[in-house]
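Student: Handing you this structure, nothing more for now.
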Number of protein chains: 2
Amino acid sequence: MPSPARTQPHPLIRPSARSTGPSGARSAELAALDRIGVVITLRRDEAIFFQGDTAEFYFKVVTGAVRSCTLLADGRRHIGDFLLRGDFFGLNAGETYPFTAEAITEVTLVRYARRSVDRLMGQQPQLGRSLLAILCHDLLAAQQQMLLLGRKTAVERVASFLLQMAERGGTQARLSLPMTRTDIGDHLGLTTETVSRTFGQLKSAGVIALEGLHEVLLMDRDALGELAEAA
Amino acid sequence: MPSPARTQPHPLIRPSARSTGPSGARSAELAALDRIGVVITLRRDEAIFFQGDTAEFYFKVVTGAVRSCTLLADGRRHIGDFLLRGDFFGLNAGETYPFTAEAITEVTLVRYARRSVDRLMGQQPQLGRSLLAILCHDLLAAQQQMLLLGRKTAVERVASFLLQMAERGGTQARLSLPMTRTDIGDHLGLTTETVSRTFGQLKSAGVIALEGLHEVLLMDRDALGELAEAA
DNA sequence: CGTTATTTTGATATACTTCAATAGGGGTGG
DNA sequence: CCACCCCTATTGAAGTATATCAAAATAACG
């Protein structure tokens, strides 16, 4: 079911194709994908797709950050993952997307038509392997997140999250958190307040330092690792 | 802080191959797998593999039930999933298994060598698609579990779990739970006591009935659906 | 059948949430 | 450039769902 316009913080504008062209891919096998990709851009808080939309496309993040959300009937929200530069998302066995994807910042994506990917996979078996590898990786990440949500304390969750973001981000000592504290809470199964207090604790302990609201310096990575109960 | 797993029999015995032979597969594409599979059986609480073992094999459950567990340093345990008849597990991008797999009951599995599967995939592109579909399905299940662990109450967790097991189990009104209450707790991010109390609540409410410890009758499936906050 | 593991039930403790109020920050219009 | 406003974050006080601790009841098992 294609989603009708819904009230969103920003007037809801559907992504529109802007130009076609190659962009960097993570591996040789995936480079073939670029030939069938279309670059799109979205503004902050725009939806890329809604839960329940027909799953026609597969996406890769070029710049910016995306969140994947699901909602319960009474409004409780969960953010399954944050998608950063180089991450793929939207690949799905079912007819429809099982979650909503929204731009956290202004974002540039490459969009691949599902049928084109299917066709290409027939011609290039290596592509199938690459997608298999990506899915295995995502599944592993999901398993770690389940451990976090099921069995870790607030401090352990936040510490794990920061380390994970640091690993994904590139530089090791400084990392940027484009999302809000509420987003982080909804990803870690905590409230905004608890996230804020936990950042405060880590700051007081000298483990991290904040530079503005969205930049974190890892002052003591080992200590952070221990707090995360490294798993 | 969530409690460490309590006394659990630790699996000490390595699985051993017993006999060779084909077994039923879920789809035509996967039938090809059976030709390269080896049937193995394990006793209750035996480990199929340990976290960190070299990931040489891929498995399918023929009879019985398996749990996939990860442990934190202090003993807190999380069960990522229960694997039932027809479920595949152990497929993995990495060199090693990221979790331990243990037999909950006496269990019969088919074991596929990873390299054989790889080779077969080269010859039968459809196999790759089937594995892709299985992984997508697993990923979806993981996303739902993250929502459960991150945002649902104890009653919602247990209700969701029962419905999920009912769907997987076959018959709709009666379902069997071969695992212990502790296993269920470690899967749902709860303690044994909370699981037990929640079962009690559902029983008092007339939503379920217990027949022995491991058989559940769904007396009011709609009510259970509402309690699960159907998501 | 006795023995041990598992489950249930009860009483208490606590980590996190909820509710409430203040403070900061970034953009916009004057 | 500054002043205002709104949104986000922080901080505080009180409440609650679930964990923990403890013990009895039930089931499993040799």
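Student: Restricting attention to the range A:165-174, and to residues there that are farther than 26 Å from B:R77 by Cβ and free of Cβ contacts under 8 Å to residues at least 12 places away in the same chain, which single residue is surrounded by the most Cβ atoms within 10 Å (Cβ to Cβ)?
Tutor: Among residues in the range A:165-174 that are farther than 26 Å from B:R77 by Cβ and free of Cβ contacts under 8 Å to residues at least 12 places away in the same chain, the one surrounded by the most Cβ atoms within 10 Å (Cβ to Cβ) is A:G170.
Student: Keeping to the range B:88-97, report how many residues are surrounded by fewer than 20 Cβ atoms within 10 Å (Cβ to Cβ) and facing chain A (nearest Cβ under 10 Å).
Tutor: Count: 3.
Student: State whether one or more residues within the range A:38-46 are crowded, with 16+ Cβ neighbours inside 10 Å, within 30 Å of B:Q126 (Cβ to Cβ) and touching a residue at least 40 places away in the same chain (Cβ under 8 Å).
Tutor: The answer is yes, given that some residue of the range A:38-46 is crowded, with 16+ Cβ neighbours inside 10 Å, within 30 Å of B:Q126 (Cβ to Cβ) and touching a residue at least 40 places away in the same chain (Cβ under 8 Å).
Student: Read through the list (1) more than 7 Å from chain A (Cβ to nearest Cβ); (2) touching a residue at least 40 places away in the same chain (Cβ under 8 Å); (3) touching a strand residue (DSSP E or B) at 6+ places or on another chain (Cβ under 8 Å), then give the number of the only condition that B:S130 fails.
Tutor: Here B:S130 meets the rest and fails (3).
Student: Turning to a different aspect of this structure: Could you list all residues from the range A:116-127 that are in contact (Cβ under 8 Å) with a residue 40 or more places away in the chain and in a helix (DSSP H, G or I)?
Tutor: A:S116, A:V117, A:L120, A:Q126, A:L127
Student: Going residue by residue through the range B:88-98, is there one that turns out to be assigned to a loop (DSSP other than H, G, I, E, B), touching a strand residue (DSSP E or B) at 6+ places or on another chain (Cβ under 9 Å), at pLDDT 95 or above and at negative phi?
Tutor: yes
Student: Here is a list of conditions, (1) more than 16 Å from DNA strand D (Cβ to nearest atom); (2) within 13 Å of the chain's Cα centre (by Cα); (3) at pLDDT 95 or above, and B:H137 meets all of them except one; can you say which number that is?
Tutor: B:H137 satisfies every listed condition except (2).
Student: Under 8 Å between Cβ atoms, which residue pairs at least 6 apart in sequence (or on different chains) link something in the range B:139-164 that is facing chain A (nearest Cβ under 9 Å) with a partner that is of a type in the set (K, R) and in a helix (DSSP H, G or I)?
Tutor: B:L148/B:R157; B:L149/B:R157
Student: Hey, does the range A:84-103 have a residue that's aromatic (F, W, Y) and touching a Lys or Arg at 6+ places or on another chain (Cβ under 6 Å)? Even if it seems obvious, please write down each step before you answer.
Tutor: Let us first name the residues in the range A:84-103 that are aromatic (F, W, Y), namely A:88-89, A:97, A:99.
Filter again for touching a Lys or Arg at 6+ places or on another chain (Cβ under 6 Å), leaving A:88.
Yes.
Student: If a residue must be small (G, A, S), within 13 Å of another protein chain (Cβ to nearest Cβ) and more than 9 Å from DNA strand D (Cβ to nearest atom), how many such residues does the range A:165-204 contain?
Tutor: 1
Results for (1) away from DNA strand D (no atom under 14 Å from the Cβ); (2) of a type in the set (V, I, T), shown as yes or no for each residue.
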position	(1), (2)
A:S116	yes, no
A:L127	yes, no
A:A133	yes, no
A:V155	yes, yes
A:L210	no, no
A:H214	no, no
A:D220	yes, no
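Student: If you go through the range B:57-87 one residue at a time, how many are touching a strand residue (DSSP E or B) at 6+ places or on another chain (Cβ under 7 Å), at the interface with chain A (Cβ under 9 Å from one of its Cβ atoms) and farther than 13 Å from A:M146 by Cβ?
Tutor: 1
The values are calculated or read from the model by the stated rules, or taken from the named source; none is laboratory data. Quick caveat, the model's predicted, so the values are computed rather than measured. Note that we place each Cβ from the backbone using ideal geometry, even for glycine, and neighbour counts take in every protein chain shown.
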